[in-house]
């Protein structure tokens, strides 16, 4: 399971559906069969299965194991990431040239942060994904704040913001 996944428009539409949010939340915490998941989220199995197929088709959910139960196969599902972020949230840019300069510095800071977080991007097997997401975020915060280049970029951002605020 990944720590984070950026969503395209179709994936964002799927994740914005309440039933899919319930399904994904449960599948972040643990893998489940259709029957078990249907009981947890209180959605009829057939309806849940249809939602799972859509989530599976775009890679938001994966089959983690298949067990033989008599002559039948019982599939277990898991979310492919602990957190999902719509790509649209990352695209707005300011129009004011001074703010655009500040935004570009801020984007560099975000890239530094994401590069540091990428070191902890894969959630280890057997670890609670939610706890690991907190751990990775906190560890990244500590690592980047100790980096002199990060501190320089923050000071540069502060300077750009003060230029805009004094207009």
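The values are calculated or read from the model by the stated rules, or taken from the named source; none is laboratory data. Given the structure is predicted, the values throughout are model-derived calculations rather than measurements. Counting neighbours? That spans all protein chains shown, and the Cβs are built from the backbone with ideal geometry, glycine included.
Kindly indicate the residue of segment 76-102 that is free of Cβ contacts under 8 Å to residues at least 12 places away in the same chain and more than 30 Å from residue 58 (Cβ to Cβ) and also surrounded by the fewest Cβ atoms within 10 Å (Cβ to Cβ) among those meeting that condition. Break it down stepwise before answering.
Let us first name the residues in segment 76-102 that are free of Cβ contacts under 8 Å to residues at least 12 places away in the same chain, namely 89, 91-95, 97, 100.
Next cut, more than 30 Å from residue 58 (Cβ to Cβ) only: 94-95, 97, 100.
Numbers: 94: 13, 95: 6, 97: 9, 100: 13.
Only one residue fits best here, namely 95.
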* To do: Answer yes or no: is there a residue in segment 104-114 that is surrounded by 11 or more Cβ atoms within 10 Å (Cβ to Cβ) and either within 22 Å of residue 30 (Cβ to Cβ) or in the same structural domain as residue 35 (by TED's automatic domain parsing) (or both).
  => no
* Go through the residues of segment 127-141 one by one and say whether even a single one is touching a residue at least 24 places away in the same chain (Cβ under 8 Å) and outside any helix (DSSP H, G or I). => yes
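For every residue, the table says whether it meets (1) over 18 Å from residue 130 (Cα atoms); (2) in the same structural domain as residue 110 (by TED's automatic domain parsing); (3) at pLDDT 95 or above; (4) assigned to a helix (DSSP H, G or I).
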residue	(1), (2), (3), (4)
13	yes, no, no, yes
24	no, no, yes, yes
27	no, no, yes, yes
36	yes, no, yes, yes
* Within the group 24, 37, which residue is under 17 Å from residue 80 (Cβ atoms), under 18 Å from the mean Cα position of the chain (by Cα) and surrounded by 15 or more Cβ atoms within 10 Å (Cβ to Cβ)? -> 24
